[in-house]
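Q: Input: one structure, supplied below.
The values are calculated or read from the model by the stated rules, or taken from the named source; none is laboratory data. Every value quoted in this text rests on a predicted model; they were computed, and no experiment measured them. Please note: Cβ atoms are built from the backbone with ideal geometry, for glycine as well, and neighbour counts cover all protein chains shown.
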Amino acid sequence: MTDTTAHAAADEPDAGALLDIYKRAATIVLTDEKLRAVIRSGRLSTPYYSPRGQEIISAAMAVNLRKDDYVVTIYRGMHDHLAKGVPLKDLWAEYAGKAAGSCKGKGGPMHITHPDVGVLVTTGIVGSGLPIANGLAWASKIRQEDRVTVTNFGDGASNIGAFHESLNMASLWKLPVIFLCQNNRYAEHTRYDKGTSIERISDRAVSYSMPGVTVNGNDAIEMWRAARDAVARARAGEGPTLIEANTFRFHGHHMGDSGEYMAKGELEAAMIRDPFVALRQLIVARGAASDADLTAMEDALRTEIDEAAAYAFAAKYPEPEEALEDVYASAVS
Ligand SMILES: Cc1ncc(C[n+]2csc(CCOP(=O)(O)OP(=O)(O)O)c2C)c(N)n1
Ligand SMILES: [Mg+2]
(Lines give C-alpha, C1' and ligand atoms only; values in the text may rest on other atoms or scores of the structure.)
(Ligands and ions follow the chains in the order given, each with its own letter.)
Protein backbone atom coordinates (compact mmCIF):
# COMPACT_ATOMS: atom_id res chain seq x y z
CA MET A 1 0.00 0.00 0.00
CA THR A 2 1.32 3.44 -0.83
CA ASP A 3 1.58 5.90 2.01
CA THR A 4 -0.27 8.98 0.81
CA THR A 5 -0.03 10.91 4.09
CA ALA A 6 3.05 12.94 3.19
CA HIS A 7 1.65 13.69 -0.25
CA ALA A 8 -1.72 14.75 1.16
CA ALA A 9 -0.04 17.04 3.67
CA ALA A 10 2.06 18.70 0.98
CA ASP A 11 -0.95 19.01 -1.27
CA GLU A 12 -2.83 21.27 1.14
CA PRO A 13 -2.10 24.65 2.63
CA ASP A 14 -0.54 24.31 6.09
CA ALA A 15 -2.00 26.04 9.15
CA GLY A 16 0.01 29.22 8.48
CA ALA A 17 -1.21 29.47 4.89
CA LEU A 18 -4.83 28.83 5.91
CA LEU A 19 -4.61 31.64 8.46
CA ASP A 20 -3.01 33.90 5.88
CA ILE A 21 -5.91 33.19 3.49
CA TYR A 22 -8.36 33.86 6.32
CA LYS A 23 -6.77 37.18 7.25
CA ARG A 24 -6.88 38.41 3.66
CA ALA A 25 -10.49 37.21 3.29
CA ALA A 26 -11.48 38.88 6.57
CA THR A 27 -9.94 42.17 5.43
CA ILE A 28 -12.07 41.96 2.28
CA VAL A 29 -15.29 40.93 4.03
CA LEU A 30 -15.02 43.66 6.68
CA THR A 31 -14.02 46.33 4.17
CA ASP A 32 -17.00 45.35 2.03
CA GLU A 33 -19.31 45.60 5.05
CA LYS A 34 -18.05 49.10 5.84
CA LEU A 35 -18.04 50.31 2.23
CA ARG A 36 -21.65 49.23 1.72
CA ALA A 37 -22.66 50.91 4.98
CA VAL A 38 -21.04 54.27 4.15
CA ILE A 39 -22.41 54.23 0.59
CA ARG A 40 -25.94 53.37 1.78
CA SER A 41 -25.80 56.13 4.38
CA GLY A 42 -24.86 58.68 1.71
CA ARG A 43 -21.49 59.40 3.37
CA LEU A 44 -19.64 58.15 0.30
CA SER A 45 -20.79 58.55 -3.28
CA THR A 46 -19.07 56.08 -5.57
CA PRO A 47 -19.81 53.23 -7.94
CA TYR A 48 -19.32 49.95 -6.08
CA TYR A 49 -19.47 46.36 -7.32
CA SER A 50 -19.29 44.21 -4.22
CA PRO A 51 -17.07 41.14 -4.50
CA ARG A 52 -18.54 39.62 -1.31
CA GLY A 53 -18.90 35.88 -1.79
CA GLN A 54 -15.83 35.75 -4.07
CA GLU A 55 -13.16 36.62 -1.48
CA ILE A 56 -11.64 33.14 -1.09
CA ILE A 57 -10.58 33.15 -4.76
CA SER A 58 -8.33 36.19 -4.48
CA ALA A 59 -7.08 35.35 -0.98
CA ALA A 60 -6.07 31.79 -1.95
CA MET A 61 -4.43 33.05 -5.14
CA ALA A 62 -2.57 35.88 -3.39
CA VAL A 63 -0.86 33.64 -0.81
CA ASN A 64 0.75 31.82 -3.75
CA LEU A 65 2.10 35.02 -5.29
CA ARG A 66 5.16 37.15 -4.62
CA LYS A 67 4.89 40.85 -3.95
CA ASP A 68 6.46 41.60 -7.34
CA ASP A 69 4.02 39.39 -9.25
CA TYR A 70 1.42 41.35 -11.19
CA VAL A 71 -2.36 41.38 -10.80
CA VAL A 72 -4.82 42.80 -13.31
CA THR A 73 -8.47 43.02 -12.36
CA ILE A 74 -11.87 44.53 -13.04
CA TYR A 75 -14.39 46.96 -11.50
CA ARG A 76 -15.45 44.11 -9.16
CA GLY A 77 -11.88 44.03 -7.89
CA MET A 78 -11.67 45.19 -4.28
CA HIS A 79 -11.01 41.60 -3.16
CA ASP A 80 -8.16 41.27 -5.65
CA HIS A 81 -6.68 44.62 -4.57
CA LEU A 82 -6.73 43.92 -0.84
CA ALA A 83 -5.62 40.29 -1.16
CA LYS A 84 -2.55 41.42 -3.11
CA GLY A 85 -1.74 44.00 -0.45
CA VAL A 86 -3.02 47.43 -1.50
CA PRO A 87 -2.86 49.33 1.82
CA LEU A 88 -6.27 50.05 3.32
CA LYS A 89 -5.66 53.79 3.64
CA ASP A 90 -4.63 54.16 -0.01
CA LEU A 91 -7.62 52.11 -1.15
CA TRP A 92 -10.14 54.04 0.95
CA ALA A 93 -8.70 57.40 -0.07
CA GLU A 94 -8.98 56.43 -3.74
CA TYR A 95 -12.61 55.38 -3.26
CA ALA A 96 -13.23 58.79 -1.69
CA GLY A 97 -11.50 60.55 -4.61
CA LYS A 98 -8.79 62.04 -2.38
CA ALA A 99 -5.25 63.06 -3.33
CA ALA A 100 -3.87 60.52 -0.82
CA GLY A 101 -5.40 57.62 -2.80
CA SER A 102 -3.54 55.00 -4.82
CA CYS A 103 -4.15 57.01 -8.01
CA LYS A 104 -4.11 60.44 -6.34
CA GLY A 105 -7.90 60.46 -6.40
CA LYS A 106 -8.04 60.53 -10.18
CA GLY A 107 -8.76 56.88 -10.86
CA GLY A 108 -11.48 55.93 -8.42
CA PRO A 109 -12.54 52.39 -7.52
CA MET A 110 -12.76 51.18 -11.12
CA HIS A 111 -9.13 52.05 -11.86
CA ILE A 112 -7.14 51.13 -8.76
CA THR A 113 -3.45 50.85 -9.61
CA HIS A 114 -0.81 50.25 -6.95
CA PRO A 115 2.51 49.20 -8.51
CA ASP A 116 4.30 48.82 -5.13
CA VAL A 117 2.33 45.62 -4.51
CA GLY A 118 2.00 44.57 -8.15
CA VAL A 119 -1.58 45.76 -8.74
CA LEU A 120 -1.04 47.25 -12.17
CA VAL A 121 -4.38 47.63 -13.88
CA THR A 122 -8.05 47.72 -12.90
CA THR A 123 -10.43 48.23 -15.78
CA GLY A 124 -14.15 48.74 -16.29
CA ILE A 125 -14.09 47.59 -19.90
CA VAL A 126 -15.17 43.95 -19.90
CA GLY A 127 -12.41 41.67 -21.24
CA SER A 128 -9.85 44.42 -21.68
CA GLY A 129 -7.55 43.26 -18.88
CA LEU A 130 -6.49 40.06 -20.63
CA PRO A 131 -4.44 41.53 -23.50
CA ILE A 132 -2.89 43.99 -21.04
CA ALA A 133 -1.86 41.05 -18.83
CA ASN A 134 -0.27 39.42 -21.86
CA GLY A 135 1.74 42.59 -22.42
CA LEU A 136 2.95 42.59 -18.81
CA ALA A 137 3.83 38.90 -18.99
CA TRP A 138 5.62 39.42 -22.30
CA ALA A 139 7.65 42.23 -20.74
CA SER A 140 8.63 39.94 -17.84
CA LYS A 141 9.63 37.25 -20.29
CA ILE A 142 11.87 39.44 -22.44
CA ARG A 143 13.46 40.93 -19.32
CA GLN A 144 14.02 37.37 -18.07
CA GLU A 145 12.26 38.04 -14.77
CA ASP A 146 10.48 35.03 -13.31
CA ARG A 147 7.44 37.12 -12.50
CA VAL A 148 3.89 35.83 -12.87
CA THR A 149 0.89 37.89 -14.03
CA VAL A 150 -2.64 36.98 -12.94
CA THR A 151 -5.57 38.47 -14.80
CA ASN A 152 -9.01 38.27 -13.14
CA PHE A 153 -12.25 38.55 -15.08
CA GLY A 154 -15.83 37.33 -15.00
CA ASP A 155 -17.79 34.63 -16.80
CA GLY A 156 -19.31 37.27 -19.10
CA ALA A 157 -15.84 38.42 -20.15
CA SER A 158 -15.05 34.94 -21.46
CA ASN A 159 -17.44 35.65 -24.35
CA ILE A 160 -15.51 38.73 -25.47
CA GLY A 161 -13.16 38.46 -28.44
CA ALA A 162 -10.20 39.70 -26.41
CA PHE A 163 -10.46 36.63 -24.15
CA HIS A 164 -9.96 34.30 -27.13
CA GLU A 165 -7.24 36.41 -28.75
CA SER A 166 -5.36 36.61 -25.46
CA LEU A 167 -5.48 32.90 -24.70
CA ASN A 168 -4.25 32.13 -28.18
CA MET A 169 -1.33 34.50 -28.00
CA ALA A 170 -0.37 33.57 -24.42
CA SER A 171 -0.23 29.93 -25.41
CA LEU A 172 1.69 30.58 -28.60
CA TRP A 173 4.27 32.70 -26.79
CA LYS A 174 4.25 30.58 -23.58
CA LEU A 175 3.59 33.64 -21.47
CA PRO A 176 3.80 33.45 -17.65
CA VAL A 177 0.19 34.42 -17.23
CA ILE A 178 -2.78 32.98 -15.33
CA PHE A 179 -6.27 33.61 -16.66
CA LEU A 180 -8.46 33.54 -13.56
CA CYS A 181 -12.14 33.52 -14.46
CA GLN A 182 -14.32 34.22 -11.43
CA ASN A 183 -17.52 32.54 -12.57
CA ASN A 184 -20.23 34.06 -10.38
CA ARG A 185 -23.00 32.76 -12.70
CA TYR A 186 -24.17 36.20 -13.85
CA ALA A 187 -22.95 38.86 -16.26
CA GLU A 188 -24.71 41.97 -15.00
CA HIS A 189 -28.34 40.71 -15.10
CA THR A 190 -27.77 37.88 -17.58
CA ARG A 191 -27.78 34.38 -16.19
CA TYR A 192 -24.82 32.22 -17.22
CA ASP A 193 -26.70 29.80 -19.52
CA LYS A 194 -28.42 32.64 -21.38
CA GLY A 195 -25.12 34.12 -22.49
CA THR A 196 -22.52 31.36 -22.57
CA SER A 197 -22.57 28.45 -25.00
CA ILE A 198 -20.47 26.04 -22.97
CA GLU A 199 -21.04 24.39 -19.61
CA ARG A 200 -17.50 24.83 -18.33
CA ILE A 201 -15.48 27.86 -19.31
CA SER A 202 -12.30 25.91 -18.54
CA ASP A 203 -13.06 23.66 -21.56
CA ARG A 204 -12.24 26.63 -23.78
CA ALA A 205 -8.57 26.16 -22.81
CA VAL A 206 -8.38 23.10 -25.09
CA SER A 207 -8.72 25.33 -28.16
CA TYR A 208 -5.60 27.15 -27.08
CA SER A 209 -3.46 24.15 -26.02
CA MET A 210 -3.24 25.12 -22.39
CA PRO A 211 -4.42 23.45 -19.19
CA GLY A 212 -7.90 24.48 -18.08
CA VAL A 213 -9.34 23.62 -14.67
CA THR A 214 -12.66 24.24 -13.02
CA VAL A 215 -12.57 24.47 -9.24
CA ASN A 216 -14.86 25.44 -6.43
CA GLY A 217 -13.48 28.93 -5.89
CA ASN A 218 -15.29 29.11 -2.57
CA ASP A 219 -13.24 26.23 -1.20
CA ALA A 220 -9.94 27.55 0.16
CA ILE A 221 -8.08 24.27 -0.28
CA GLU A 222 -9.24 23.58 -3.85
CA MET A 223 -8.58 27.16 -4.87
CA TRP A 224 -5.16 27.23 -3.19
CA ARG A 225 -4.14 24.04 -4.99
CA ALA A 226 -5.21 25.32 -8.43
CA ALA A 227 -3.43 28.62 -7.80
CA ARG A 228 -0.24 26.91 -6.63
CA ASP A 229 -0.10 24.68 -9.71
CA ALA A 230 -0.76 27.50 -12.17
CA VAL A 231 1.80 29.77 -10.50
CA ALA A 232 4.44 27.00 -10.53
CA ARG A 233 3.78 26.35 -14.21
CA ALA A 234 4.01 30.02 -15.18
CA ARG A 235 7.09 30.61 -13.02
CA ALA A 236 8.86 27.63 -14.59
CA GLY A 237 8.33 29.08 -18.08
CA GLU A 238 5.82 26.40 -19.06
CA GLY A 239 3.14 28.89 -20.08
CA PRO A 240 -0.38 29.97 -19.20
CA THR A 241 -3.26 28.25 -17.37
CA LEU A 242 -6.97 28.99 -17.43
CA ILE A 243 -8.62 28.61 -14.03
CA GLU A 244 -12.39 28.78 -13.78
CA ALA A 245 -13.28 29.42 -10.15
CA ASN A 246 -16.95 28.85 -9.47
CA THR A 247 -18.50 31.26 -7.01
CA PHE A 248 -21.49 33.55 -6.41
CA ARG A 249 -21.84 37.28 -5.78
CA PHE A 250 -23.81 38.11 -2.64
CA HIS A 251 -24.93 41.65 -3.47
CA GLY A 252 -26.02 41.62 -7.09
CA HIS A 253 -24.21 43.38 -9.90
CA HIS A 254 -24.04 46.83 -8.30
CA MET A 255 -25.23 48.61 -5.18
CA GLY A 256 -29.00 48.82 -5.27
CA ASP A 257 -29.47 45.87 -7.63
CA SER A 258 -32.77 44.32 -6.57
CA GLY A 259 -31.92 40.96 -8.15
CA GLU A 260 -35.44 40.29 -9.43
CA TYR A 261 -33.94 38.50 -12.45
CA MET A 262 -32.45 35.77 -10.27
CA ALA A 263 -34.10 32.41 -9.64
CA LYS A 264 -36.09 32.30 -6.42
CA GLY A 265 -33.99 31.09 -3.51
CA GLU A 266 -30.74 31.06 -5.54
CA LEU A 267 -29.06 33.85 -3.61
CA GLU A 268 -30.24 32.58 -0.23
CA ALA A 269 -28.85 29.12 -1.02
CA ALA A 270 -25.45 30.62 -1.90
CA MET A 271 -25.41 32.79 1.20
CA ILE A 272 -26.04 29.80 3.45
CA ARG A 273 -22.86 28.30 2.00
CA ASP A 274 -20.89 31.45 2.84
CA PRO A 275 -17.27 30.66 1.86
CA PHE A 276 -15.85 32.91 4.57
CA VAL A 277 -17.81 31.14 7.30
CA ALA A 278 -16.82 27.77 5.82
CA LEU A 279 -13.13 28.70 6.03
CA ARG A 280 -13.53 29.77 9.63
CA GLN A 281 -15.12 26.41 10.47
CA LEU A 282 -12.34 24.54 8.68
CA ILE A 283 -9.62 26.43 10.55
CA VAL A 284 -11.24 25.81 13.91
CA ALA A 285 -11.94 22.13 13.13
CA ARG A 286 -8.29 21.62 12.19
CA GLY A 287 -7.11 23.34 15.35
CA ALA A 288 -5.16 25.94 13.34
CA ALA A 289 -6.77 28.66 15.50
CA SER A 290 -9.64 29.00 17.93
CA ASP A 291 -12.85 30.94 17.42
CA ALA A 292 -11.57 33.47 19.94
CA ASP A 293 -8.28 33.91 18.01
CA LEU A 294 -10.20 34.61 14.80
CA THR A 295 -12.56 37.02 16.52
CA ALA A 296 -9.57 38.91 17.95
CA MET A 297 -8.04 39.07 14.46
CA GLU A 298 -11.29 40.48 13.06
CA ASP A 299 -11.58 43.06 15.86
CA ALA A 300 -8.09 44.34 15.08
CA LEU A 301 -8.91 44.49 11.35
CA ARG A 302 -12.14 46.36 12.05
CA THR A 303 -10.19 49.03 13.94
CA GLU A 304 -7.70 49.29 11.07
CA ILE A 305 -10.54 49.64 8.53
CA ASP A 306 -12.32 52.30 10.63
CA GLU A 307 -9.05 54.23 10.82
CA ALA A 308 -8.51 53.95 7.07
CA ALA A 309 -12.03 55.23 6.38
CA ALA A 310 -11.61 58.15 8.81
CA TYR A 311 -8.27 58.97 7.17
CA ALA A 312 -9.91 58.97 3.73
CA PHE A 313 -12.81 61.18 4.78
CA ALA A 314 -10.45 63.71 6.40
CA ALA A 315 -8.01 63.78 3.45
CA LYS A 316 -7.87 66.54 0.82
CA TYR A 317 -9.29 66.39 -2.68
CA PRO A 318 -6.75 66.86 -5.49
CA GLU A 319 -6.32 70.45 -6.68
CA PRO A 320 -7.99 71.25 -10.03
CA GLU A 321 -4.55 72.01 -11.52
CA GLU A 322 -3.56 68.39 -10.90
CA ALA A 323 -6.16 67.12 -13.39
CA LEU A 324 -3.69 67.02 -16.26
CA GLU A 325 -0.76 65.61 -14.27
CA ASP A 326 0.09 61.90 -14.68
CA VAL A 327 -2.05 61.70 -17.81
CA TYR A 328 0.78 61.39 -20.33
CA ALA A 329 4.27 60.01 -19.81
CA SER A 330 6.83 62.80 -19.78
CA ALA A 331 8.96 62.97 -22.90
CA VAL A 332 12.12 60.91 -22.66
CA SER A 333 15.14 62.13 -24.52
C1 LIG B 1 -16.89 45.92 -23.41
C2 LIG B 1 -17.99 46.12 -22.40
N3 LIG B 1 -19.24 45.73 -22.69
C4 LIG B 1 -20.24 45.91 -21.79
C5 LIG B 1 -19.97 46.50 -20.58
C6 LIG B 1 -21.10 46.67 -19.55
N7 LIG B 1 -20.89 45.71 -18.46
C8 LIG B 1 -20.33 46.08 -17.31
S9 LIG B 1 -20.16 44.81 -16.27
C10 LIG B 1 -20.84 43.73 -17.34
C11 LIG B 1 -21.01 42.28 -16.97
C12 LIG B 1 -19.74 41.50 -16.96
O13 LIG B 1 -19.97 40.26 -16.32
P14 LIG B 1 -18.84 39.31 -15.87
O15 LIG B 1 -17.74 39.33 -16.87
O16 LIG B 1 -19.44 38.00 -15.57
O17 LIG B 1 -18.25 39.99 -14.53
P18 LIG B 1 -18.98 40.21 -13.12
O19 LIG B 1 -19.57 41.60 -13.14
O20 LIG B 1 -20.01 39.16 -12.94
O21 LIG B 1 -17.91 40.13 -12.10
C22 LIG B 1 -21.21 44.37 -18.52
C23 LIG B 1 -21.84 43.70 -19.66
C24 LIG B 1 -18.66 46.93 -20.31
N25 LIG B 1 -18.32 47.53 -19.17
N26 LIG B 1 -17.66 46.72 -21.22
MG1 LIG C 1 -20.11 37.25 -13.73
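Q: Which residue out of Glu307, Glu298 is in a helix (DSSP H, G or I) and surrounded by 14 or more Cβ atoms within 10 Å (Cβ to Cβ)? Explain how you work it out, then say what you get.
A: Working: Glu307 fails: surrounded by 14 or more Cβ atoms within 10 Å (Cβ to Cβ).
Every option except Glu298 fails the conditions.
Q: Output the residues belonging to the stretch 283-294 that are assigned to a helix (DSSP H, G or I) and surrounded by 12 or more Cβ atoms within 10 Å (Cβ to Cβ). Please lay out each step first, then the result.
A: We begin by selecting, within the stretch 283-294, every residue assigned to a helix (DSSP H, G or I); these are 283-285, 291-294.
Those that are assigned to a helix (DSSP H, G or I) and surrounded by 12 or more Cβ atoms within 10 Å (Cβ to Cβ): Ile283, Val284, Asp293, Leu294.
Q: Among the helices (runs of 4 or more DSSP H) contained in the stretch 28-111, which hold 1 or more residues that are in contact (Cβ under 8 Å) with a residue 24 or more places away in the chain and within 16 Å of ligand 1 (Cβ to nearest atom)?
A: Values: elements: 55-62, 78-84, 88-95.
Hits in the stretch 28-111: 55-62, 78-84.
Q: Continuing with the same structure: Hey, among Gly212, Gly195, Gly217, which residue is touching a helix residue (DSSP H, G or I) at 6+ places or on another chain (Cβ under 8 Å), of a type in the set (Gly, Ala, Ser) and within 9 Å of ligand 1 (Cβ to nearest atom)? Don't jump to the end; show me each part of the working.
A: On the way: Gly212 fails: within 9 Å of ligand 1 (Cβ to nearest atom); Gly217 fails: within 9 Å of ligand 1 (Cβ to nearest atom).
Going through Gly212, Gly195, Gly217 in turn, the sole match is Gly195.
Q: Ok, one more. Could you give me the residue pairs with C-beta distances under 6 Å whose first residue belongs to the stretch 290-301 and is without any contact (Cβ under 8 Å) to a residue 60 or more places away in the chain, whose second residue is β-branched (Val, Ile, Thr) wherever it lies, and which are 6+ apart or on separate chains?
A: Asp291/Val284
Q: For residues that are of a type in the set (A, V, I, L, M, F, W, C) and within 16 Å of ligand 1 (Cβ to nearest atom), scanning just the stretch 166-192, find the one that is farthest from His79 (Cα to Cα).
A: Leu167
Q: Moving to a separate point now. What number of residues within the stretch 136-162 are more than 14 Å from ligand 2 (Cβ to nearest atom), under 28 Å from Gly195 (Cα atoms) and in a helix (DSSP H, G or I)?
A: 2
Q: From Arg249, Arg273, which residue is basic (Lys, Arg), closer than 22 Å to Glu222 by Cα and touching a Phe, Trp or Tyr at 6+ places or on another chain (Cβ under 8 Å)? Spell out how you get there, then give the answer.
A: Working: Arg273 fails: touching a Phe, Trp or Tyr at 6+ places or on another chain (Cβ under 8 Å).
The conditions single out Arg249.
Q: Next up: I'm checking my understanding of the structure. Among residues of the stretch 163-191 that are in a helix (DSSP H, G or I) and in contact with a strand residue (DSSP E or B) (Cβ under 9 Å, 6 or more places away or on another chain), which one is farthest from Gly237 (Cα to Cα)? Don't jump to the end; show me each part of the working.
A: Restricting attention to the stretch 163-191, the residues satisfying the condition of being in a helix (DSSP H, G or I) are 163-172.
Checking which are in contact with a strand residue (DSSP E or B) (Cβ under 9 Å, 6 or more places away or on another chain) leaves us with 163, 166-167, 170.
Values: Phe163: 21, Ser166: 17, Leu167: 16, Ala170: 12 Å.
Checked the stretch 163-191; the qualifying residue farthest from Gly237 (Cα to Cα) is Phe163.
Q: Among the numbered conditions (1) touching a helix residue (DSSP H, G or I) at 6+ places or on another chain (Cβ under 6 Å); (2) assigned to a loop (DSSP other than H, G, I, E, B); (3) within 16 Å of Ala234 (Cβ to Cβ), tell me where Val126 comes up short.
A: If we test Val126 against (1) touching a helix residue (DSSP H, G or I) at 6+ places or on another chain (Cβ under 6 Å); (2) assigned to a loop (DSSP other than H, G, I, E, B); (3) within 16 Å of Ala234 (Cβ to Cβ), just (3) comes out false.
Listed here are the residues, each with its yes/no results for (1) modelled with pLDDT of 95 or more; (2) within 28 Å of Met169 (Cα to Cα); (3) within 16 Å of ligand 2 (Cβ to nearest atom).
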{"residue": "Arg66", "(1), (2), (3)": "yes, yes, no"}
{"residue": "Gly77", "(1), (2), (3)": "yes, yes, yes"}
{"residue": "His81", "(1), (2), (3)": "yes, yes, no"}
{"residue": "Ala93", "(1), (2), (3)": "yes, no, no"}
{"residue": "Cys103", "(1), (2), (3)": "yes, no, no"}
{"residue": "His111", "(1), (2), (3)": "yes, yes, no"}
{"residue": "Val117", "(1), (2), (3)": "yes, yes, no"}
{"residue": "Ile132", "(1), (2), (3)": "yes, yes, no"}
